[in-house]
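Asker: This is the structure I have questions about; it appears just below.
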Amino acid sequence: MKTSQPTVQVELHLHSCYSHDSLMPLEKMIERAREIGLDHLAVTDHNVLEGALAAKKLAPDLIIVAEEIQTTRGEFLGYFMTEVVPEGLTPKETIERLKAQGAVISVAHPFDSRGNEPWGWDELAEFAPDLDAVEVFNARCLTREINDKAKAFAEAFGLACAAGSDAHSIGEIGTATLKLPAFQTADEFREALKTAEVNGRLSSPAVHLISRHAEMLKKIQHS
C-alpha cells in the first residue's frame, strides 16, 4: 500500500521590522505563524537579509531565508538565500546573483501597479526560462484580476504557482498560503512548488495604510 507524502503549509511573502515599511517584530511574527499552524515562513524583507537571518536563528525549523529584491524593473523573490542581492540591478543581473547562490526564484506580483509600473507580458516572458515560480496570488493586490493574469502567465510558461500574504502586520500573516509536499532544501522546495495548492483571500485595502504609517514613522525616526 502506497503511503501519501506528507504536506506542509507555507507562507511565502512577509515583511518584518527590518523592511522600511513594516514594524512587525520577529518574535511576534514567529509566534503568530506557529499559532495558525504554518510549517514554514519565508521572511522576504525589501532588499535586506538581516531580518530573515535573525529570524532563522530564533526559529530554524520555521524560517526560510528570503528577500524581495527591487530591480530596475519589477521585484523578484529569492528563497533559500545565503547572501543579499542589492537593489537597483537589472533583472538579468539579479537573476544571475540568485542563481549563483542556488536560490529558488519567483517574481512578485508581476502585474500589480503598486509602487511600480507593471511588467509587460512579453517583457517578463524574456525571463520566464530563468524563473522557478510566479506569485499568482498576492493578498495585497487590489483586484483578483491582477492575480488571475499572473496565474495565466505561470500556466502559459509552465511555471510553478507561488502565493503569499505580503504581510506587513501580524493580522495579515497566513491570508495567502501554499499547501505542498514537505521539503527541507532548496531543490526539494523547487520540486514541491510544482504541485502546490494555493489558498488565499484578498486583504482589505486598509492594510496599505499600515505599511504607509510604518514607512512614515521610520522616516521621522531617522530624520
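The values are calculated or read from the model by the stated rules, or taken from the named source; none is laboratory data. Fair warning: this is a prediction, and the values are worked out from it, not measured in the lab. Cβ sites come from the backbone with ideal geometry, for glycine too, and all protein chains shown count toward neighbours. The area values use the complete protein model at the heavy-atom level, side chains included, leaving out ligands, DNA and RNA. Shrake-Rupley method; radii C 1.70, N 1.55, O 1.52, S 1.80 Å.
Asker: With the condition kept exactly as written, say whether any residue in the range 103-114 is at positive phi, crowded, with 21+ Cβ neighbours inside 10 Å and not polar (S, T, N, Q).
Answerer: Here is the first cut: in the range 103-114, the ones at positive phi are 109.
Remaining after also requiring crowded, with 21+ Cβ neighbours inside 10 Å: 109.
Those still in the list that are not polar (S, T, N, Q) too: 109.
Yes, there is a match, as at least one residue in the range 103-114 is at positive phi, crowded, with 21+ Cβ neighbours inside 10 Å and not polar (S, T, N, Q).
Asker: Please enumerate the residues belonging to the range 115-164 that are touching a helix residue (DSSP H, G or I) at 6+ places or on another chain (Cβ under 9 Å) and among the β-branched types (Val, Ile, Thr).
Answerer: Selection gives 134, 136.
Asker: Considering the range 115-143 alone, what residues qualify as being part of a helix (DSSP H, G or I) and in contact with a strand residue (DSSP E or B) (Cβ under 9 Å, 6 or more places away or on another chain)?
Answerer: Selection gives 124, 128, 130.
Asker: Can you tell me which residues in the range 120-135 are touching a residue at least 40 places away in the same chain (Cβ under 8 Å) and either more than 21 Å from residue 98 (Cα to Cα) or open to solvent by 10 Å² or more (accessible area, probe 1.4 Å) (or both)?
Answerer: As a first pass, look at the range 120-135 and keep what is touching a residue at least 40 places away in the same chain (Cβ under 8 Å): 123-124, 132-133, 135.
Once the filter is applied, which keeps residues that are touching a residue at least 40 places away in the same chain (Cβ under 8 Å) and either more than 21 Å from residue 98 (Cα to Cα) or open to solvent by 10 Å² or more (accessible area, probe 1.4 Å) (or both), the range 120-135 yields 123, 132.
Asker: Sticking with this one: Would you check if residue 65 is without any contact (Cβ under 8 Å) to a residue 24 or more places away in the chain, closer than 23 Å to residue 178 by Cα and within 15 Å of the chain's Cα centre (by Cα)? Full working, then the answer.
Answerer: On the way: without any contact (Cβ under 8 Å) to a residue 24 or more places away in the chain: yes; closer than 23 Å to residue 178 by Cα: yes; within 15 Å of the chain's Cα centre (by Cα): yes.
Against the criterion (without any contact (Cβ under 8 Å) to a residue 24 or more places away in the chain, closer than 23 Å to residue 178 by Cα and within 15 Å of the chain's Cα centre (by Cα)), residue 65 qualifies.
Asker: Which members of the range 136-147 meet the condition of being open to solvent by 60 Å² or more (accessible area, probe 1.4 Å) and in contact (Cβ under 8 Å) with a residue 40 or more places away in the chain?
Answerer: Residues of the range 136-147 open to solvent by 60 Å² or more (accessible area, probe 1.4 Å): 142, 144-145.
Listed by number, the residues that qualify are 142, 144.
Asker: Looking at (1) open to solvent by 50 Å² or more (accessible area, probe 1.4 Å); (2) part of a helix (DSSP H, G or I); (3) at pLDDT below 95, which is the one condition that is false for residue 205?
Answerer: Exception for residue 205: condition (2).
Asker: Test of understanding: among 163, 192, 182, which residue is of a type in the set (A, V, I, L, M, F, W, C), open to solvent by 10 Å² or more (accessible area, probe 1.4 Å) and touching a strand residue (DSSP E or B) at 6+ places or on another chain (Cβ under 7 Å)? Full working, then the answer.
Answerer: Numbers: 163 fails: open to solvent by 10 Å² or more (accessible area, probe 1.4 Å); 192 fails: open to solvent by 10 Å² or more (accessible area, probe 1.4 Å).
One residue alone meets the criteria, 182.
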